[in-house]
1. Out of B:Val893, B:Val966, report the one residue that is within 30 Å of B:Thr638 (Cα to Cα), at pLDDT below 95 and either surrounded by 21 or more Cβ atoms within 10 Å (Cβ to Cβ) or not acidic (Asp, Glu) (or both).
2. Out of all the residues in the range B:175-225, which are open to solvent by 20 Å² or more (accessible area, probe 1.4 Å) and in a strand (DSSP E or B)?
3. Tally time: how many residues in the range B:406-424 are part of a helix (DSSP H, G or I) and of a type in the set (S, T, N, Q)?
4. Being within 21 Å of B:Lys391 (Cβ to Cβ) and either of a type in the set (Phe, Trp, Tyr) or open to solvent by 10 Å² or more (accessible area, probe 1.4 Å) (or both) is the filter here, so list the residues in the range B:320-341 that pass it.
5. Quick one: B:Val276 ticks every box in (1) away from every other protein chain (no Cβ under 14 Å); (2) out of contact with any Pro (no Cβ under 6 Å at 6 or more places or on another chain) except a single one, so which number is it?
6. Hey, among the residues in the range B:501-530 that are β-branched (Val, Ile, Thr) and under 11 Å from B:Val551 (Cβ atoms), which one's nearest to the chain's Cα centre (by Cα)?
7. For B:Gly73, state whether it is over 19 Å from B:Val317 (Cβ atoms) and surrounded by fewer than 23 Cβ atoms within 10 Å (Cβ to Cβ).
8. Run down B:Asn296, B:Asn312 and say which single residue is in contact with a strand residue (DSSP E or B) (Cβ under 7 Å, 6 or more places away or on another chain), polar (S, T, N, Q) and at pLDDT 95 or above.
Amino acid sequence: MRITCPFCGERDRREFYYQGAAVALERPVADAGEEAWDAYVHLRDNPAGVTKDLWYHESGCSSWIVVTRNTVTHEILDCTLACDTKSEVSI
Amino acid sequence: MRIAGKGLIDRSKPVRFVFDGVGYDGFAGDTLASALLANDVRLVGRSFKYHRPRGVLTSGSEEPNALVTVGNGAAAEPNVRATVQEIYTGLEAKSQNRWPSLSMDLMAANDLAAPFLGAGFYYKTFMWPSQFWEKLYEPIIRRAAGLGALSGESNPDKYERAYAFCDLLVIGAGPAGVMAALVAARAGADVILVDEDSRMGGRLLAENCEIDGVPGVIWVDRVLSELSAMDNVRLMSRTTVTGAYDGGTFAALERVGHHRAARHAGLPLETFWRIVAKRSVLAAGALERPVAFRNNDRPGIMTAGAVRAYLNRWGVVPGQKVAVFGNNDDAHRTARDLLAAGVHVAGLIDSRHNAPDATGFPVYKGAMVSDTTGRRGLESITIRSVSGEDKLATDCLAISGGWNPTVHLTCHLNSRPVWCDDILAFVPSPSGVPGMGVAGACSGAFSTDRCLREGAAAAVAALEALGKSAPKTQIPDAEDAPYAIAPLWAVPGRGRAWLDFQNDVCVKDVKQAAVENFRSVEHMKRYTTQGMATDQGKNSNVAALAILADVTGRAIPDTGTTTFRPPFSPVAIAAMGAGAQGKGFAPERFTTSHAASVERKAPMIEAGLWYRPSYFPVPGETTWRQSCDREVDMVRHTVGVCDVSTLGKIDIQGPDAAEFLDFVYTNTFSTLKIGRARYGLMLREDGHVMDDGTTARLGAHHFLMTTTTAAAGQVMRHLDFVHQGLRPDLDVAMVSVTEQWAQFAIAGPKSRELLNGLFDADLTDAEWPFMACGPVQVMGVRGRLFRISFSGEHAYELAVPSRYGDSLFRTLLARADTLGGGAYGMEALNVMRIEKGFITHAEIHGRVTAFDIGMERMVSSKKDCIGKTMSERDGLSGADREQLIGLNPVGAVKQLTAGAHLFNADDDPVRVNDQGYVTSVAYSPTMGHMLALGFLKNGRARHGQKVRMVDHLRDLDALCEVVNPVFFDPDGERARG
Ligand SMILES: [Zn+2]
């Protein structure tokens, strides 16, 4: 499996640390309530198909990357810096 | 028997080798199989289950029968395919699975018991009594059934891993593969051409054919010499692509040393490659399948294509009177080639009534071979036709049941091959592996002309995808003979007709599986063992499932294939694990004081990848405890020096650095004064403790965070996530500087005395109070000083750039020596932190909250931070929680152990009564007895109570008193004073 780091280019997946669903970027406000926090910390989809998850280029440039990929075909559809994704969401 | 003037072997280079203790002669270019056949050795092995005599069946890596052990002692390698092993002078090979010898194998008695050993016999025969299985049946079966054995000694051979990248990977160097490589290389693409054979050319080496008016061998050698002269081409022979993986990644095994007479000191035996290719072309060819009929497994019976290969490539005929049996036109080629070489062709048996005519040998049209005779090798065959049965004397039978495209790699990403009625075989599904084109025989194109055209077309398609323009290429002239085939999987009749030679599976076993309702092809495989072991049924799977389809009344495509998985051919674990044997390439991290510590005879212990000194023995000390107790005493009374560089150090800078720290730490850092350090606690977002450490403020926008050694990587990752993923709005940057700074703790009542004289000015309490930090000049070097303490003593940590670490450590030790102090190691450090109740990851092990360790007040109510909301959940605080406590043994000295559990004094020590557990223990020379830290339900309210510590594993039971976890100097006066 190859991941294209926006800074470093296409690299072997062993250079990356896998974190989990990109849901982790959508942190609720402190008083969002139990359900929102439960969903944020604990609840994850397990899709057969397109999913977004977070990879850390630990043996490279230290970027957190949102990888959009297909769990069925293993195709990688998109790699975006987490900080860019985040800026889009917050604005 | 060798034929004069034929073959590609080098007759000027004779090679002497040994098989089963007998010396034989061959030539450079021979495989073990071709050399044995040249010496008329037909019997080369015994079958897995019935110990039937078996000979060479094929001329390639798919060989099921001719498995031998090469070499001796620890370097002996079992299950080597004689059809792949090249001979060299001094080669020693042995046959396998026979006792006492190949020609007189007593285990062949199994063959007489065959009626009891059919499909599923393991499951049926040895069902009961159950205790007999382990003691009686299994050992007997294991001795009788099997392939070669490992030496049982440590493998002395070297294996390597290697990596390669290219635009186009071409797998297989037959006509299709070399054509694809040529077109792509001429267009300027980076090409890797891989072939499993020792010599590239594929079937062109084995066939009597012409391309552009010259023999195929000459044509292919010309192309290969053009390719090898190009800088953008890498040719890898003896290399098998064993697996296709995601993202254009391929695994390949290169046999580097197997063909060399002596192990070369600088070369590995094998290299396991990871090849990443933007595009790939599979040109893996096809494998010929035999036909099943009674006694079709005798030595001397081979595939027709193999007979042709032995004749044309190695100049060997495996018999004097050769018969050919087939269901397709390709079989006729074998007969023609043999005749042309002057070999007596006893007859050609073709199951088709409309088979082509021939001159020079009789053709039996519409006939089949129904049985054979010959105990240790073929002597005659029975030919059945409408007019009855005939016997024909022959010592070699060449069979062709058709060719199966080598689709394996196209299926490794879970694609299934597609049935093609024209050639009665499976062909690759078009989208099996993204970026992979298929060309030549592996796509079902069997003529040389079609191979060349498909190879060129696949290269053009790859070039287009790579954005390169393809030059116009002339396709060379070559034969385009039709491949006419009629279905024939098994000749009907009584007796055992063999399908899987390696696992001794017969047609009736497959039928039996279906009768017992193992109708799914995957079930049939497991029930009969069809297609298992080293060859994975490359010759036999398609025939087996054709028979299964027939018995179950389904079409072949509806029956389907079993799953193709990597590796394509066997890969030694040693090759896959190259670089990981023993210490291998495991990284080691050494502190700058490593050499000085080793000089002082300190035993170094692993801490993650780091190596740290356990203790520093002095003359007269014989146990670690003596050294440790002395070092603790030394720090408590004079001064000690300890390397603490392994703690994570993260430099954090920017206008928003303070706000960032307020968000990752539970407590507040924006209020921290420049020149001061503060203890900080970090939570995970689920409300549990992640890590702790001190962070110093070096400037308004500049902090230096320390983490525990164990969590340094995790914390760095976490900070990057919080910044990039949650707060990219903050103007802050951070980088690990753990390796850039050497840092030493100087601890004890004489620590200031030790340091005074090193700096421009002496240290004073007014300028350097507890938790002060700042820049210092250490004998002219810019360093940093922190007045922090992990021992509870008046202490400092002094940091200098790493290149000065060794020098500073030696300087500090020299000064400590004059004060009656010295170095201390991890054991003493651990004892002192337990005496002080300081936590490590033994305590903050992932299930512990700030409340549990008595630090809930450190979670600031004035701001949000990571983990704060979830830490306020019900159940993460309160009396039901197990809370950090200290334990003193009651009465005479008692052994306390980490991992032991705590119970109320009067309760049974069973799980339901569990009250907590012990996390850290030490003998405290300061207190004069053992101490423990642990967690106890409602522990903070239970100081003074007695609890029972029980360690069921070590059989320990001790009464303890629950106390404040800060055993020594609870008010912290020594560190502040
Ligand atoms: Zn990167």
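1. Numbers: B:Val966 fails: at pLDDT below 95.
One residue alone meets the criteria, B:Val893.
2. Those that are open to solvent by 20 Å² or more (accessible area, probe 1.4 Å) and in a strand (DSSP E or B): B:Glu210, B:Val214, B:Pro215.
3. So the count comes out to 1.
4. B:Gln320, B:Lys321, B:Phe325 - these are the residues of the range B:320-341 that are within 21 Å of B:Lys391 (Cβ to Cβ) and either of a type in the set (Phe, Trp, Tyr) or open to solvent by 10 Å² or more (accessible area, probe 1.4 Å) (or both).
5. (1)
6. B:Val510
7. It is true that B:Gly73 is over 19 Å from B:Val317 (Cβ atoms) and surrounded by fewer than 23 Cβ atoms within 10 Å (Cβ to Cβ).
8. Unique residue meeting the criteria: B:Asn296.
The values are calculated or read from the model by the stated rules, or taken from the named source; none is laboratory data. Because the structure is a prediction, the values reported are computed rather than measured. Quick reminder, even Gly has a Cβ in these numbers, built from the backbone with ideal geometry, and neighbours come from all protein chains shown. For the accessible areas, the whole protein counts, side chains as well, though only heavy atoms, and no ligand, DNA or RNA atoms are used. Shrake-Rupley method; radii C 1.70, N 1.55, O 1.52, S 1.80 Å.
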